[in-house]
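Asks: First the structure, which I've put down as structure tokens, then a few questions once you've had a look.
The values are calculated or read from the model by the stated rules, or taken from the named source; none is laboratory data. These numbers were taken from a predicted model, which means no experiment stands behind them. Cβ placement follows ideal geometry from the backbone for every residue including glycine, while neighbour counts extend to all protein chains displayed.
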Amino acid sequence: MFVPDLLHEFELGVWKAIFIHLIRILHTLGPDSVTSLNERYCTTPTFGQDTIRLLPASHNQVVLDLLFVLSTWHALAKLRLHTDLMLQLLQEATTDIGALLHKFSDTANSSTDIGDESSKGVVKLCTFNMNTYKMHTIGDYVEKICNLGTSESYSMQVVRS
């Protein structure tokens, strides 16, 4: 039986893959788009209703929805105490992640022409790959938490005697 490993499966697997693909999408918008993102990120207030919009509206909404559900799922998965309600919310967030990852993949892979005319053809956008072990382990977390307890109660570290 494999135990979930949030650091390697989600944080360095799923989240990192999505973040890298978002940066690739930004590169298709032009050479200064990542710098523009950094500048906008630094000037956005910590609390409030402000958002950073760099993508076209159809892409932007998919990305915002995906980022919100990923952060919700991550927060629920890392709880140190899980109630039945929290596990139900984690299961719902898991279902939402699956649907939004497919929507993100379809949107990101079908539209490589989101850049302006001057940048088209300069950067080739790679397709977003969802066929990884780490993507598929997300669905196992609720069951493993029910069987093994919270994620900080076990470790993937090799123990030597």
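Asks: In the range 50-67, how many are farther than 25 Å from Glu92 by Cβ and not in a helix (DSSP H, G or I)?
Replies: 6
Asks: Separate question: Evaluate the range 16-35: report whether one residue or more is under 16 Å from Ser71 (Cβ atoms) and at pLDDT below 85.
Replies: Checked the range 16-35: no residue is under 16 Å from Ser71 (Cβ atoms) and at pLDDT below 85.
Asks: Against the condition more than 14 Å from Phe128 (Cβ to Cβ), β-branched (Val, Ile, Thr) and assigned to a loop (DSSP other than H, G, I, E, B), how does Thr35 come out, does it pass?
Replies: The answer is no for Thr35.
Asks: Collect the residues in the range 119-150 that are modelled with pLDDT under 80 and basic (Lys, Arg), keeping them in residue-number order.
Replies: Those that are modelled with pLDDT under 80 and basic (Lys, Arg): Lys120, Lys124.
Asks: May I pose another question? Taking interchain pairs and intrachain pairs at least six residues apart, which have beta carbon atoms under 9 angstrom, with the first residue in the range 90-104 and under 18 Å from Leu6 (Cα atoms) and without any contact (Cβ under 8 Å) to a residue 24 or more places away in the chain and the second surrounded by fewer than 19 Cβ atoms within 10 Å (Cβ to Cβ) and among the small types (Gly, Ala, Ser)?
Replies: Pairs that qualify, where the first residue is under 18 Å from Leu6 (Cα atoms) and without any contact (Cβ under 8 Å) to a residue 24 or more places away in the chain and the partner is surrounded by fewer than 19 Cβ atoms within 10 Å (Cβ to Cβ) and among the small types (Gly, Ala, Ser), are Thr95/Gly139.
Asks: Oh, and also: Output the number of residues of the range 99-118 satisfying the condition of being surrounded by fewer than 16 Cβ atoms within 10 Å (Cβ to Cβ) and either modelled with pLDDT of 90 or more or not in a helix (DSSP H, G or I) (or both).
Replies: Going through the range 99-118 one residue at a time, the tally reaches 8.
Asks: Another one. Checking Ala57 against (1) free of Cβ contacts under 8 Å to residues at least 60 places away in the same chain; (2) surrounded by 10 or more Cβ atoms within 10 Å (Cβ to Cβ); (3) within 20 Å of the chain's Cα centre (by Cα): exactly one of these is not met. Which one?
Replies: Of everything listed in (1) free of Cβ contacts under 8 Å to residues at least 60 places away in the same chain; (2) surrounded by 10 or more Cβ atoms within 10 Å (Cβ to Cβ); (3) within 20 Å of the chain's Cα centre (by Cα), Ala57 misses just condition (2).
Asks: List every residue pair whose Cβ atoms sit under 6 Å apart, with the two residues 6 or more apart in sequence or on different chains, where the first one lies in the range 28-49 and is small (Gly, Ala, Ser) and the second, anywhere, is at pLDDT 80 or above and in a helix (DSSP H, G or I).
Replies: Hits for this filter: Ser33/Leu26.
Asks: Applying the selection to the range 68-91, what residues are assigned to a helix (DSSP H, G or I) and over 23 Å from Thr132 (Cβ atoms)?
Replies: Matches in the range 68-91: Asp84, Leu85, Met86, Leu87, Gln88, Leu89.
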